[in-house]
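For reference, the structure discussed in these notes is given below.
The values are calculated or read from the model by the stated rules, or taken from the named source; none is laboratory data. Everything numeric in this text was worked out from a predicted model, so none of it was measured. So basically every Cβ, Gly included, is an ideal-geometry build from the backbone, and we count neighbours across all protein chains shown. Calculation scope for accessible area: heavy atoms of the full protein, side chains included, ligands and nucleic acids excluded. Shrake-Rupley method; radii C 1.70, N 1.55, O 1.52, S 1.80 Å.
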Amino acid sequence: MRIHLLPPELINQIAAGEVVERPASVVKELLENSLDAGAHAIEIDLEEGGSRLIRVRDDGDGIHPEDLLLSLDRHATSKIQHFSDLERVASFGFRGEALSSIASVSRLTLTSRLRNSTDAWCVTSGEPIRPAAHPEGTTVEVRDLFYNVPARRKFLKSARTELGHLEEAIRRTALSHTEVGFHLRHQRRTLQHFPAQQQDVHRVAAVLGEDFAASAISIEGEANDLRLWGFAGLPTAARTQPDQQYFYVNGRTIRDRFIANAVRHAYEGVLYQGRHPAYVFFLTIDPEQVDVNVHPTKHEVRFRDGRAVHDFMVQTLRQAIAQTRVWTVETPISVSFAEEAAEANPFTPAPTPASRPYEAGIRERFSPRSLPSDERREPSSQRISTTQREPFYGASAGQSCLFTPIETSAAVPTVPPLGYALAQLHGIYVLAENLHGLVLVDMHAAHERITFERLKTAWAEDSIRRQPLLLPVTLEVGERAVDLAEEHADEIRALGLELERLGRGTLVVRQVPTLLAQGDAAALVKDLLSDFAEHGLSTQVTERVDQVLSSMACHGSVRAHRRLSLAEMNTLLRDLETTERCDQCSHGRPTWVQLRLTDLDRLFLRGS
């Protein structure tokens, strides 16, 4: 065949394939248009999972009558005028493709009335503009999606499946715009209703449910032009699927591998294998520092300084997760209970490392240091009112309120969050009593987390020690990988590695971090260069050092079936309370659980 121009209709249908994948794609594009128009209330009506009808109505600024027909043309937009505008995109829709693409694969009707205008106008694809009755704002009605593209229509799933994708698209939009109300109806039955002007925490709870709200901490961090805030699910509430992960850049929902890698790195060492954290994060950045025009659906972005964004995110999230404690405010108890507990479980201040019987076997250089006196869990008179408690797990980064505070006078003694040890069960679990009931502690997992955090501190303070290899390792990695090694030479050297080009596609490893001297240097370097190729950065050395320290902590911690005295058990409890990431061991297993009196009463049918 000779080369020829495609007809406009076919061009539009091909373009629609990039933007319109399913009914949820249509709703996403229309919601973004409504938000750009300044809407405060958006109503979505659906029939048959959106395949028969999608109607989106908003109370935004509306469209000028002379622009109605033009809005259905390709690349027609009010968001940009010059190429330089693409460097500071602040709107959601700017390509001018959405309405045109949707209209090419459906029967679309667009009705709009300008704000402060008395007249409304309506247009349907291929027909002239006509008057209409309509309140201020815009309604887009999409009927019979893919009616003229049978090959695309047959790939649609069942109405229930498509409806699930639609609900998820609305949830993602509603999470980032609490000032806007959203009302979803299917077959005239309300499925979702999020009122406008909800506080962030209330909108998140309404969208993701109370389970997420009860197990999330609020986070916030700023550095230069970057601000990260939102809600991070605690590791104990990690999920089997990554189905509650929401990330936004300047209000735009993003699903990006670069972002996912940063979050995964921040949660390392606290998640059980195969589990996924739940979170809702918002990143604010100068629009000039991010390119949102890298994908037709705008789900991916490209940062001008990706390394800075990655490091900022990891540092902010790690700090928030690390600072969570069993409880930041000690729980008040009655005087009689405190006296009984003191007699049965004498609290002994944290001894020096040499006198900690349950820490025998750890090398001297990694011996845990004594906690400063102000960090020991001595009883205090600090109080918190029940009215001060935030509805979320944590009111701010690093604070958690697992237990419900009780009003009391300052004269009433307090008991530590994990209480006082009562006994040991089968040489594995420590049983402790606190105000709320019974605390069960896995003594090996608990001591493993304490030891792991101290080993990491010792490693960081000693910096990265390097060790030359007696027999340098030669690697055939390809010319591109060798170029990457030279391009990132300073970063690689800072990680304790010394690499040298030996040929066009050959590297020689001459030096590695001391802790990794017995490891597989070849695999480490290949993984590191793979990270540089994919993400422009690598966390391989840090991850492998953590693996070694985790193994050392595991082998150096108190073992199962080791009998501990009450004093040793209480010291373990106090140390756990002051340890970062204390809720899990380095493998992500829980270190302790709380059984409230109400839980025990339910087990024994008391009060029923």
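Kindly evaluate V441 against the criterion of being out of contact with any Cys (no Cβ under 9 Å at 6 or more places or on another chain) and surrounded by 21 or more Cβ atoms within 10 Å (Cβ to Cβ).
Considered against the rule, which asks whether it is out of contact with any Cys (no Cβ under 9 Å at 6 or more places or on another chain) and surrounded by 21 or more Cβ atoms within 10 Å (Cβ to Cβ), V441 comes out as yes.
Checking Y246 against (1) hydroxyl-bearing (S, T, Y); (2) within 29 Å of E491 (Cβ to Cβ); (3) modelled with pLDDT of 90 or more, only one condition comes out false. Which one?
Checking Y246 against (1) hydroxyl-bearing (S, T, Y); (2) within 29 Å of E491 (Cβ to Cβ); (3) modelled with pLDDT of 90 or more, the one that fails is (2).
Each row is one residue, and each column tells you yes or no for (1) farther than 19 Å from H177 by Cα; (2) among the charged types (D, E, K, R).
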site: A206; (1), (2): no, no
site: A216; (1), (2): yes, no
site: E220; (1), (2): no, yes
site: A223; (1), (2): yes, no
site: G233; (1), (2): yes, no
site: T240; (1), (2): yes, no
site: F247; (1), (2): no, no
site: G251; (1), (2): no, no
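What's the number of the condition G427 fails, among (1) within 34 Å of the chain's Cα centre (by Cα); (2) open to solvent by less than 40 Å² (accessible area, probe 1.4 Å)?
(1)
Taking only region 281-295 into account, find how many residues are over 18 Å from A322 (Cα atoms), touching a strand residue (DSSP E or B) at 6+ places or on another chain (Cβ under 7 Å) and not in a helix (DSSP H, G or I).
8
Can you name the condition, by its number, that T451 falls short on among (1) open to solvent by less than 70 Å² (accessible area, probe 1.4 Å); (2) touching a strand residue (DSSP E or B) at 6+ places or on another chain (Cβ under 9 Å); (3) touching a residue at least 24 places away in the same chain (Cβ under 8 Å)?
Exception for T451: condition (2).
Select the strands (runs of 3 or more DSSP E) contained entirely in region 410-456, then report the ones holding at least 1 residues which are closer than 17 Å to A553 by Cα.
Details: elements: 420-425, 429-434, 437-442.
Fully inside region 410-456 and qualifying: 437-442.
So which pairs qualify, if the first residue must be in region 562-583 and within 16 Å of V270 (Cα to Cα), the second must be open to solvent by 10 Å² or more (accessible area, probe 1.4 Å) and modelled with pLDDT of 90 or more, the Cβ gap must be under 9 Å, and the two must be at least 6 apart or on different chains?
That search, which allows pairs on different chains as well, returns L576/W592; C582/W592; D583/W592.
Might you check whether a residue that is modelled with pLDDT of 85 or more, at negative phi and within 40 Å of the chain's Cα centre (by Cα) occurs anywhere in region 119-136?
Within region 119-136, one or more residues are modelled with pLDDT of 85 or more, at negative phi and within 40 Å of the chain's Cα centre (by Cα).
I'd like the full set of residues that are surrounded by fewer than 21 Cβ atoms within 10 Å (Cβ to Cβ) and closer than 18 Å to R160 by Cβ, limited to region 22-45.
Passing the criteria: only D45.
I'd like the residue in region 455-477 that is at pLDDT 75 or above and touching a Gly at 6+ places or on another chain (Cβ under 7 Å) and, out of all such residues, is nearest to A494 (Cα to Cα).
Only one residue tops the list, namely R466.
For region 428-453, enumerate the residues that are aromatic (F, W, Y) and under 14 Å from D599 (Cβ atoms).
Scanning region 428-453 gives no hits.
Can you confirm whether G93 is modelled with pLDDT under 80, within 18 Å of L31 (Cα to Cα) and buried (at least 16 other Cβ atoms within 10 Å of the Cβ)?
Details: modelled with pLDDT under 80: yes; within 18 Å of L31 (Cα to Cα): yes; buried (at least 16 other Cβ atoms within 10 Å of the Cβ): yes.
Yes, satisfied.
Which of the residues that make up region 254-273 are in contact with a Lys or Arg (Cβ under 8 Å, 6 or more places away or on another chain) and buried (at least 19 other Cβ atoms within 10 Å of the Cβ)?
Result: A266, G269, V270.
Before we move on, is I14 β-branched (V, I, T), surrounded by 15 or more Cβ atoms within 10 Å (Cβ to Cβ), more than 13 Å from L110 (Cβ to Cβ) and within 37 Å of the chain's Cα centre (by Cα)?
no
T579 fails exactly one of the following numbered conditions: (1) open to solvent by 40 Å² or more (accessible area, probe 1.4 Å); (2) modelled with pLDDT of 85 or more; (3) polar (S, T, N, Q); (4) under 34 Å from the mean Cα position of the chain (by Cα). What is the number of that condition?
(1)
Among the residues of region 582-608, write down those that are charged (D, E, K, R), outside any loop (DSSP other than H, G, I, E, B) and exposed (fewer than 15 other Cβ atoms within 10 Å of the Cβ).
The answer is D599, D601, R602.
From the list L425, L497, L440, L431, pick out the single residue that is closer than 30 Å to L317 by Cβ and at pLDDT 90 or above.
Testing whether each residue is closer than 30 Å to L317 by Cβ and at pLDDT 90 or above leaves just L440.
Need pairs with beta-carbon distance below 8 Å; first residue farther than 16 Å from Y248 by Cβ and touching a residue at least 40 places away in the same chain (Cβ under 8 Å) and within region 273-290, second open to solvent by 60 Å² or more (accessible area, probe 1.4 Å) and in a helix (DSSP H, G or I); sequence gap 6+ or separate chains.
E288/E87; E288/R88
Only one of A481, A432, A517 is within 24 Å of D531 (Cα to Cα), open to solvent by less than 40 Å² (accessible area, probe 1.4 Å), touching a Gly at 6+ places or on another chain (Cβ under 8 Å) and not basic (K, R). Can you tell me which?
Matching residue, one of A481, A432, A517: A481.
Going residue by residue through region 232-254, is there one that turns out to be in a strand (DSSP E or B), in contact with a strand residue (DSSP E or B) (Cβ under 9 Å, 6 or more places away or on another chain), more than 28 Å from F92 (Cα to Cα) and free of Cβ contacts under 8 Å to residues at least 40 places away in the same chain?
Step one: filter region 232-254 for residues in a strand (DSSP E or B), giving 232-233, 239, 245-249, 252-254.
Going one step further and asking which of them are in contact with a strand residue (DSSP E or B) (Cβ under 9 Å, 6 or more places away or on another chain), we end up with 232-233, 239, 245-249, 253-254.
Subsequent filtering for residues that are more than 28 Å from F92 (Cα to Cα) retains 239.
With free of Cβ contacts under 8 Å to residues at least 40 places away in the same chain added as a condition, the list becomes 239.
Looking for residues that are in a strand (DSSP E or B), in contact with a strand residue (DSSP E or B) (Cβ under 9 Å, 6 or more places away or on another chain), more than 28 Å from F92 (Cα to Cα) and free of Cβ contacts under 8 Å to residues at least 40 places away in the same chain, one finds at least one in region 232-254, hence yes.
Can you tell me how many residues within region 523-545 are at pLDDT below 80, touching a strand residue (DSSP E or B) at 6+ places or on another chain (Cβ under 7 Å) and closer than 16 Å to V482 by Cβ?
0
Residues that are crowded, with 22+ Cβ neighbours inside 10 Å, among the charged types (D, E, K, R), under 24 Å from Q197 (Cβ atoms) and at pLDDT 90 or above: does region 58-65 have at least one?
yes
Which residues, counting only those in region 500-514, are open to solvent by 20 Å² or more (accessible area, probe 1.4 Å) and in a loop (DSSP other than H, G, I, E, B)?
Passing the criteria: only R504.
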